[in-house]
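Asks: I'd like to ask you about the structure that follows.
Every read-out reported here was derived from the displayed coordinates using simple, explicitly stated rules and does not represent laboratory data. Just so it is clear, the structure is predicted and the values come from calculations on it, not from any experiment. Here Cβ is always computed from backbone atoms with ideal geometry, including for glycine, and neighbour counts include all displayed protein chains.
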Amino acid sequence: MTDLRSETRLDAPDLVVFGAVGEVNAAEANEIGRLLREHSRNDVAFLLTKIRGGSLVLPGKVRRIFVEQTRGISVIVDAVVGADFHVRVLGRLVAGAARMLSGTTLRLGFFDDEHAARTWLKEQGCIACGAVAEGS
């Protein structure tokens, strides 16, 4: 899904990239969840969230959709680039809700640039970011 506000794509084989400004809508949350479910490995999914402008709004309905869509994934590793203080606090609240409501652990990392975020994702096991696949 691509428009002037957002972009959701897959960096094969296992990284979902979401770039946005403003308010996340239900369709975006559904698409992110679908891609995370379809491309998780060993119950771990990788997400790179790029926030343009520092702030992102996640309405309650959207947070619930995200939690429901990611139910069944044990761990979501999310590297967030460009988040202001408000988004960082909200991210931690969503992580707590996901853990309580669906059993999913949302492992968050906050970064000033995409290179640092991808380096961290690689360290967490993301193949699209350069980690070596098990059995390779």
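Asks: Could you calculate, for the stretch 4-53, the ratio of the Cα radius of gyration to the Kirkwood radius, expressed as Rg to Rh?
Replies: A ratio of 0.98.
Asks: Still on this structure, I have one more. Please say if the stretch 90-133 is rounded, prolate or oblate, where rounded means a/c under 1.5 for a ≥ b ≥ c the square roots of the C-alpha gyration tensor eigenvalues, and otherwise the choice is prolate for a/b larger than b/c and oblate otherwise?
Replies: Judged from the Cα gyration tensor, the stretch 90-133 comes out oblate (a/c at least 1.5, b/c at or above a/b).
Asks: Along the charge dipole of the chain, which of 86, 102, 130 sits closest to the positive end, that is, farthest toward it, with unit charges on the beta carbon of Lys, Arg, Asp and Glu (+1, +1, -1, -1)?
Replies: Result: 102, furthest along the dipole toward the positive end.
Asks: Quick one: grab the alpha carbon gyration tensor of the stretch 6-127, order the square roots of its eigenvalues as a ≥ b ≥ c, and give me rounded if a/c is under 1.5, else prolate or oblate depending on whether a/b is larger than b/c.
Replies: rounded
Asks: Tell me, what is the FRET efficiency for residue 61 and residue 113 to the nearest 0.05, using R0 = 25 angstrom and their Cβ-Cβ distance as r?
Replies: The formula returns an efficiency of 0.20 here.
Asks: Of all DSSP beta bridges in the stretch 6-127, what percent run antiparallel (nearest 5)?
Replies: That works out to approximately 25 percent antiparallel.
Asks: Rounded to whole Å, give me the distance from the Cα center of the stretch 1-61 to that of the stretch 62-136.
Replies: Cα centroid of the stretch 1-61 versus Cα centroid of the stretch 62-136: 10 Å apart.
Asks: Considering amide H positions built from the backbone, and no H for Pro or chain starts, which residues 5 or more places from residue 76, or on another chain, come under 5 Å of its amide H?
Replies: Placed amide hydrogens put 45, 105, 106, 107 under 5 Å from residue 76.
Asks: Also, I was wondering about something else. Given +1 on the Cβ of Lys and Arg, -1 on the Cβ of Asp and Glu, and no further charges, what dipole in debye does the chain carry about its Cα centre, rounded to the nearest 20?
Replies: With Lys and Arg at +1 and Asp and Glu at -1, about 420 debye.
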